[in-house]
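Below is one structure; the comments refer to it alone.
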Amino acid sequence: MGPIYTWQDFLDMIWRRLGVISFVIVLGCIASLYWATTYVHLYQSSEVIQVEQPKINDDLARSTVEGSSARRLQLIQQQLMARASLQSIIDKYDLYNNLTALKPSEKVQLLRQAVTINGVAAAREGFADDGTISVLTITAQMEEAQLARDVAHEFAEQTRNLMAAQRREQTETTLAFFQRQEQAVLDNITALEAERETYRIDNDLTVEGGVEFRLSEVAQLNEAILNIDREIITTQLARTQIDRSSRATTVAREERELDAQLQTLTEQRTLLDQRRTALQSTIQSSPETERALTDFDRRMDQLQTQLEIIATRRNDAEVGFNLEVGAQGERLTTIEEAQIPDYPITMSKKKRAIMGGFAATILAFLIAFLLELRRPVIRSARQMERETGVTPVISIPELEPKYQSSKWRAAREKRRAAGKAGRAARLARST
């Protein structure tokens, strides 16, 4: 403790350094009062939001919004804490207008630090953590009680709106995607049907049936042509057997009738022969035709399968969209709205002033003690006996005249220097 060993030494130090101690205490109290009066209180307000689960079981009507609520809320928090979003809130409520020296980026940083969003995880089912959030707490700290409440409520309102908009946008995007996919498959089916019909027309396949059907038709045509040939031969024989002894008009009439019949049979035979030739040509090219038709059928089956899968997924997307539109899916509801705080969360000005005065007093005594350590001289008989073990016979206080000449002050300094040198010599001999 240096020169301070007893309570009496401490009191002597206070008496000697009373001026310094008083000066530091008074100056510290003034600084404490200024600090307490200029300090701005902070008010805190919180709004609690509950994450409600879907009203309809996922096994009955599944939503198309994927991902855990914690991940979606994290994305929403990032959007809320973006510079543009915070700047809009600052402009809306005229925040930090009293701090004219701050730049817009510094105001945004202050608001980002003043608002906190904390989520509480839901209870686990078994050992798996599905990342579900049950409660979300939004807290705002502001210099005014009303501002703290307004800012907390504003962040909560934007969180709810962003959550609903995010889910609705995801379901709308999913539904629109499957609708486009379904329409694209339908267009492909229509184009394939048109391509197959064009191929059938180009290859004279308008009559349904395969090679067996065409072969049977060719056989029927051959039989019909054979019958017509027989009729032609019969008609030609009948023409040669006309009774020429009859009247000339009768003979001419019979020849005209037989010639007309013969011409009709010849035309029929020509048509049937053309049909037979066309069928025979299609039968010759039937392997390539069959392969082409099989390819058309295979492609059509693939498109039909795709259409069934896409239609099923599109129905699921419509169910998810209807759930979000009807507010039947996961949503955020306020269970505790932000209120205007009654008291600030910071320390009162009176306590700050008292703490400042207490700190100034401690600092004053510390400075006095440091001054004592800076000049550790023996100032009393008790210290003389304690330090040297010699009991002084008499102690004479140092008397300084009111008016001191320069020669007297020089002589005093020499005596002090000689005393210090003597003490140093005695310490050296003792060691």
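Below are the figures for this structure:
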{"read-out": "Radius 15 Å from Cβ of Glu182, net charge of other residues (Lys, Arg +1; Asp, Glu -1)", "value": "-1"}
{"read-out": "Sequence ranges 291-299, 363-371, ranked by mean other-Cβ count within 10 angstrom, highest first", "value": "363-371, 291-299"}
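None of the figures in this text is laboratory data; all of them are computed from the coordinates on show. Here the structure is a predicted model, which is why all the values come from computation and not from measurement. Neighbour counts are summed over all protein chains in view; Cβ atoms, including those assigned to glycine, are modelled from backbone coordinates with ideal geometry.
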